[in-house]
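A quick write-up on the structure given underneath.
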Amino acid sequence: MSAIRLLVLGAVRQHGRAHGYQVRNDLEYWGAHEWSSAKPGSIYHALKQMAKQGLLIAHEIAPSTVGGPPRVEYEITDKGTEEYLTLLRQALTSYDQKLDVLSAGIGFIVDLPRDEAVALLKERIKGLEQWRSTVTEYYTPEKGPEQLGHIGEIMNMWVHSADSEAEWTHGLIGRIEGGAYTFAGEGEPFVGVLAEDEPNPFATGPHPEDLR
């Protein structure tokens, strides 16, 4: 699973309608260009591809004031919303994905009902526990990594990763069950997007398609 589709669909959905520069600006504001593949070129490519796939609708609006082609605004479709929620649920439950996928999922977790978010995170913990048990069939943590030579350090790293991820996930579940954050159906959620004219302190500079 690629995080870029989830990130782009989620950003468009938060705006209602958004042009490419707004989506890019939001993702850079969240730091996604540092922890994922959400670079300018991949963002614009994802927008165009998902419009072709029927996940987004592309609206051409007034031409650029500097004489360029019409700017395109994107709006998520029902099919796109279904895809977005599927990707979001996968991001929260899949323990074997890259960190950018989980990060994207956490960034949009409040788009789900609170109870569902907790259930998905508990499913993630089960997956981590199962993965850990497959590692410890061949490796006994109590004996230390030396039992398998330096290769044991790989097993040791996997076990520590599973343990630390499970501990973090348990903590998140506790905060959510304790009432933290505003989830779907509970009122006005926190929306971390920039206004049209709001400067982005993390912007990486202009792009040839910024005016589209």
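Here are the numbers:
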| read-out | value |
| --- | --- |
| Given (1) within 23 Å of residue 33 (Cα to Cα); (2) out of contact with any helix residue (DSSP H, G or I) (no Cβ under 8 Å at 6 or more places or on another chain), number of the condition residue 91 does not satisfy | (2) |
| Breaking point among (1) buried (at least 16 other Cβ atoms within 10 Å of the Cβ); (2) assigned to a helix (DSSP H, G or I); (3) of a type in the set (Phe, Trp, Tyr), for residue 168 | (1) |
| Among (1) in contact (Cβ under 8 Å) with a residue 40 or more places away in the chain; (2) charged (D, E, K, R); (3) under 27 Å from residue 166 (Cα atoms) - the single one residue 26 does not satisfy | (3) |
| Filter result (over 19 Å from residue 73 (Cβ atoms) and among the aliphatic types (A, V, I, L, M)) within the stretch 5-37 | 6, 32 |
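Every read-out reported here was derived from the displayed coordinates using simple, explicitly stated rules and does not represent laboratory data. Every value quoted in this text rests on a predicted model; they were computed, and no experiment measured them. Virtual Cβ from ideal backbone geometry, glycine too; neighbours counted across all protein chains shown.
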